[in-house]
Structures are given as C-alpha cells and as structure tokens.
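Just so you know, all these numbers are worked out from the coordinates, no wet-lab data involved. Computed from a prediction, not measured in an experiment: that's the story for all the values here. For neighbour counting, all protein chains shown are included, and Cβ atoms are generated from backbone atoms with ideal geometry for every residue, glycine included.
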Amino acid sequence: MAELVMLDFIGSGIPILPVHDSFLVHEGHREFLTKSMQASLVKVCGVKTQLKLVEPDLGYTLANQAEEQRNDPDGFGPETSLDIAKILLAQSGHDKRLDAFYALRNH
C-alpha cells in the first residue's frame, strides 16, 4: 500500500516522506494523500477505513528538547520491563491495527 501511495506522489512530482505507517506531505497535498491512501487500501486490502490525520506539533522548542535531555540524559527513553508477561500483555497501536485487520479479513 505504501509503495502505491509513494508512486502516486512521485508520478505527480510531489515530495512525500514515509514514516512507519504514515506519510509526511505539505499540507496543501492533504486531500491528494487521503485519496491516494484510500485507493491503495481498497486495491491492496479490499477495505475502506477512516484515516487519522495528525497535525505536526509546532510548539516543540529547544526548551522542550533541553528538558527531555535532562530527564533522559542517555536518550534511551523509558525503562523497559524485564517481566515477559508485562511485555506480552502490552499492546501497541500497530498491534491493535494488525488485530483489527485480521478480524476484518476473517470476517
């Protein structure tokens, strides 16, 4: 699906940056991105879904960066549990989307 979206943008001469399961584009191309993503999803998976558009956080400043550095000087983020049960029970956003996809596919 991502490849189809990127090829749409490349074919139109519009820059696009893929980030995991998302894309960054100039806001003037929001509607084109939405249509391209929907068309690609229907073509690849045979489903249509509601897309979530996320606005960038333009309020992030050097002060925010300095505070993060103070709170996490090594830059490793929050400590990860060594308890395998906690790790297996924690379900991230992509896990939920994958489960939803399998549920749709098996429906």
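Below are the figures for this structure:
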{"quantity": "Identified option (computed volume of the Cα convex hull per residue in Å³; candidates (1) 116; (2) 102; (3) 152)", "calculated": "(3)"}
{"quantity": "Of the trypsin sites (Lys or Arg not before Pro) in segment 6-86, those whose Cβ has at most 10 other Cβ within 10 Å and which sit in DSSP loop", "calculated": "Lys48, Lys52"}
{"quantity": "Inter-label distance, nm, simple model (7 Å from Cα along the C-beta direction), Ser81/Lys96", "calculated": "1.7"}
{"quantity": "Qualifying chymotrypsin sites (Phe, Trp or Tyr not before Pro) for segment 6-86 [loop in DSSP, other Cβ within 10 Å: at most 16]", "calculated": "Tyr60, Phe76"}
{"quantity": "Check: the chain dipole with +1 on Lys, Arg Cβ and -1 on Asp, Glu Cβ, in debye", "calculated": "680"}
{"quantity": "Per-pair calculated FRET efficiency, R0 = 30 Å: Val54 and Leu104 via Cβ, rounded to 0.05", "calculated": "0.85"}
